[in-house]
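Have a look at the structure below before the remarks.
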Amino acid sequence: MAPSPATGPDLAAAPPVLSVGDLHVENFGTWRDADGRLCWGINDFDEADDLPYTNDLVRLAASARFASKAGVLNVKTADACRAIHD
């Protein structure tokens, strides 16, 4: 869920930037570039748009919590949120 004026007015009012739009822990991965080098980063841009930069941060934090609760990611929610914030 993206921040909205009703649920997070400060978050929704953040400056817009080109955002992934659907950033979550499973949207990070590895691939080979044109020169065969191994790269790591965000690998899903099909929903990219100009959005408040906080949209991706909130989405990533929520997905870290869900992944942790499902046992897929071994991190405490508070630690994940601190890392995202930092």
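Rg and Dmax of the chain, both derived from C-alpha coordinates alone, stand at 14.3, 47 Å.
Dipole of the chain, Cα-centred, from +1 at each Lys and Arg C-beta and -1 at each Asp and Glu C-beta, to the nearest 20 debye?
Numbers: 7 positive and 13 negative charges, 99 e Å.
That gives a dipole near 480 debye.
Applying both filters, DSSP loop and at most 16 other Cβ atoms within 10 Å, to the chymotrypsin sites (Phe, Trp or Tyr not before Pro) of the chain gives Phe45, Tyr53. Taking all protein chains as they are arranged and a probe of 1.4 Å, the heavy atoms of Arg65 leave approximately 110 Å² accessible to solvent. Summing charges over all other residues whose Cβ lies under 15 Å from the Cβ of Glu26, with Lys and Arg as +1 and Asp and Glu as -1, gives -2. Ranking of Asp44, Asp50 by solvent-accessible surface, largest first: Asp50, Asp44 (1.4 Å probe, protein heavy atoms only, all chains present). A simple count of charges around Ala64, restricted to other residues whose Cβ falls under 13 Å of its Cβ and scoring Lys, Arg +1 and Asp, Glu -1, yields +2. Spatially, the stretch 19-48 and the stretch 55-86 are offset by 18 Å when compared through their Cα centroids. Counting only protein heavy atoms and using a 1.4 Å probe, the accessible area of Val25 comes to about 50 Å². So what is the calculated 222 nm ellipticity per residue for the chain, using -39500 (n - 2.57) for each DSSP H run with n of 4 or more, over all residues, to the nearest 500 deg cm²/dmol? Calculated from helices alone, the mean residue ellipticity at 222 nm is -10000 deg cm²/dmol.
Using the Cβ-Cβ distance between Ala13 and Ile84 with R0 set to 22 Å, the FRET efficiency from 1/(1 + (r/R0)^6) comes to roughly 0.70.
The values are calculated or read from the model by the stated rules, or taken from the named source; none is laboratory data. Just so it is clear, the model here is predicted, and its values are computed rather than measured. Positions of Cβ are backbone-derived with ideal geometry, glycine not excepted, and every protein chain shown enters the neighbour counts. Just the protein is used for accessible areas: all its heavy atoms, side chains included, with ligands, DNA and RNA removed. Shrake-Rupley method; radii C 1.70, N 1.55, O 1.52, S 1.80 Å.
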